[in-house]
Amino acid sequence: MSERTLLVVGATGLLGRAALLHFKGLAGWRVLGMSRRTADVDGVEHLEADLMDPASVARHRDALASVTHVLYAALFEMEDLIGGWRHQEQMDTNLAMFKNLLGPLESVATNLAHVAILQGTKAYGIHVEPMRAPARERWPRHDHENFYWLQEDYLIDRQADQRQAGKSWTYSIWRPQVVFGHAVGSPMNLLGAIAVYASMCKEKGEPCRYPGGIPVITEATDARLLARAMEWSADNPDAAANQTFNITNGEVLIWPNLWPFVCDYFGVEEGEPIPQFLAETMPEREALWAEMVQKHDLAPYTLKQLIGGSWQFLDRATRPTGGPVPPSIVSNIKLRQAGFPDCYDNEQSLTHWFDEMRRTRVIPGD
């Protein structure tokens, strides 16, 4: 098989970074990463670009010409993370970013074979109303405005136009749940927020109390799992062509049940749970984090730079106040029947990514 070239757009995010790490070690693949910041992954060619600036994408025409596969993992989120999910600016910006990538790419990538984009459980309206479980890909589109639909419709329209022009490529749409991975400044990085919270509790000699309320039954997706699914889809093009797949680790996620494991990893006392909104209490610890960066020789990020909007995302995951929440469970049957069998143990996933955060010096070691 001739060499294939994967373009990972959003290379510094949770899923993009994991894809770079996975594919750079595979024979027969050339890997390109595109983002505004350079990903901290050696052995990958980086294309610096701002997707809101078409010219910054178009200047990479020579590199883009070789692209055969695309993982579009770029994402714009607003400062008010949860509120932004239904804001027109968030939708318009994400659509514009996608258009500004796909247009220049199509014009030069004559061997383009596959484009993968990402959605999530908001496709099932979980941020609008209680979600039926298990959610299935074959259900009609949930009736609400979402940039998912804007990108999906544009993608399908572009595919039809290309077919009329004598070109042929396929697409896939992936719907992970809460992503377990490592990325600096990601707005939806639960593990980063949890790791920093636990590290600060240890530094202060405080119990690492579970900050949530009534447990939410949900699922997680290890970022490495999606990377492996990208490889599978490339090697099994007929199975993945023009399909939408849910993808999760394969077991339920209930944070209070995992909390003792988290505390044991960080060597901190668990203590009694005390519901709290970390988006309100943690930013006040910016000075403490600065001291920890100096003391433990950590990467020189401020707390805001490192965690971003993820405190808000963690608050949503743990629900410090409020009544019971319906389970957030999706069916993985379609993907398994298509031939992709991989899965991850949540505790092993946590260990891997906490270790990666220590290796890259964004949190203290033992």
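Out of (1) out of contact with any Leu (no Cβ under 9 Å at 6 or more places or on another chain); (2) surrounded by 17 or more Cβ atoms within 10 Å (Cβ to Cβ), what's the single condition that is false for HIS69?
With respect to (1) out of contact with any Leu (no Cβ under 9 Å at 6 or more places or on another chain); (2) surrounded by 17 or more Cβ atoms within 10 Å (Cβ to Cβ), HIS69 is out only on (1).
Please identify the pairs in which a residue from the stretch 101-120 that is assigned by TED's automatic domain parsing to the domain that holds ALA55 has its Cβ atom under 7 Å from the Cβ atom of a residue that is among the acidic types (Asp, Glu), counting only partners at least 6 apart or on another chain.
Final answer for the pair search is LEU112/GLU106.
Yes/no matrix, rows are residues, columns are (1) at pLDDT below 95; (2) closer than 17 Å to LEU112 by Cβ:
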residue: VAL44; (1), (2): yes, no
residue: ALA49; (1), (2): no, no
residue: MET52; (1), (2): no, no
residue: SER66; (1), (2): no, yes
residue: TYR72; (1), (2): no, yes
residue: GLY83; (1), (2): yes, no
residue: GLU89; (1), (2): no, no
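This table checks each residue for (1) exposed (fewer than 13 other Cβ atoms within 10 Å of the Cβ); (2) within 23 Å of the chain's Cα centre (by Cα).
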site: VAL262; (1), (2): no, yes
site: PHE313; (1), (2): no, yes
site: GLY323; (1), (2): yes, no
site: ILE329; (1), (2): no, yes
site: GLN337; (1), (2): yes, no
site: GLN348; (1), (2): yes, yes
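If I filter the stretch 137-157 for residues that are within 24 Å of THR5 (Cα to Cα), surrounded by 15 or more Cβ atoms within 10 Å (Cβ to Cβ) and of a type in the set (A, V, I, L, M, F, W, C), do I get at least one hit?
yes
Does ASP42 count as outside the structural domain of LEU314 (by TED's automatic domain parsing), in contact with a Ser or Thr (Cβ under 7 Å, 6 or more places away or on another chain) and surrounded by fewer than 16 Cβ atoms within 10 Å (Cβ to Cβ)?
Taking the combined requirement at face value, the residue does not satisfy it.
Residues that are in contact with a strand residue (DSSP E or B) (Cβ under 7 Å, 6 or more places away or on another chain) and basic (Lys, Arg): find the strands (runs of 3 or more DSSP E) completely inside the stretch 1-109 holding 1 or more of those. It would help to see each step written out before you state the result.
On the way: elements: 4-9, 29-35, 45-48, 69-72.
Passing ranges, in order: 4-9, 29-35.
If you check every pair at least six apart or on different chains, which have Cβ atoms under 7 Å apart with a residue in the stretch 74-96 that is in contact (Cβ under 8 Å) with a residue 40 or more places away in the chain and of a type in the set (Gly, Ala, Ser) first and a residue that is surrounded by 18 or more Cβ atoms within 10 Å (Cβ to Cβ) and in a loop (DSSP other than H, G, I, E, B) second?
ALA74/GLY10; ALA74/LEU51
Being surrounded by 21 or more Cβ atoms within 10 Å (Cβ to Cβ), part of a helix (DSSP H, G or I) and under 21 Å from the mean Cα position of the chain (by Cα) is the filter here; which residues of the stretch 279-310 pass it?
If the condition is that a residue be surrounded by 21 or more Cβ atoms within 10 Å (Cβ to Cβ), part of a helix (DSSP H, G or I) and under 21 Å from the mean Cα position of the chain (by Cα), then LEU303, LEU306, ILE307, SER310 are the ones that fit.
The values are calculated or read from the model by the stated rules, or taken from the named source; none is laboratory data. All values reported here derive from a predicted model rather than from experimental measurement. So basically every Cβ, Gly included, is an ideal-geometry build from the backbone, and we count neighbours across all protein chains shown.
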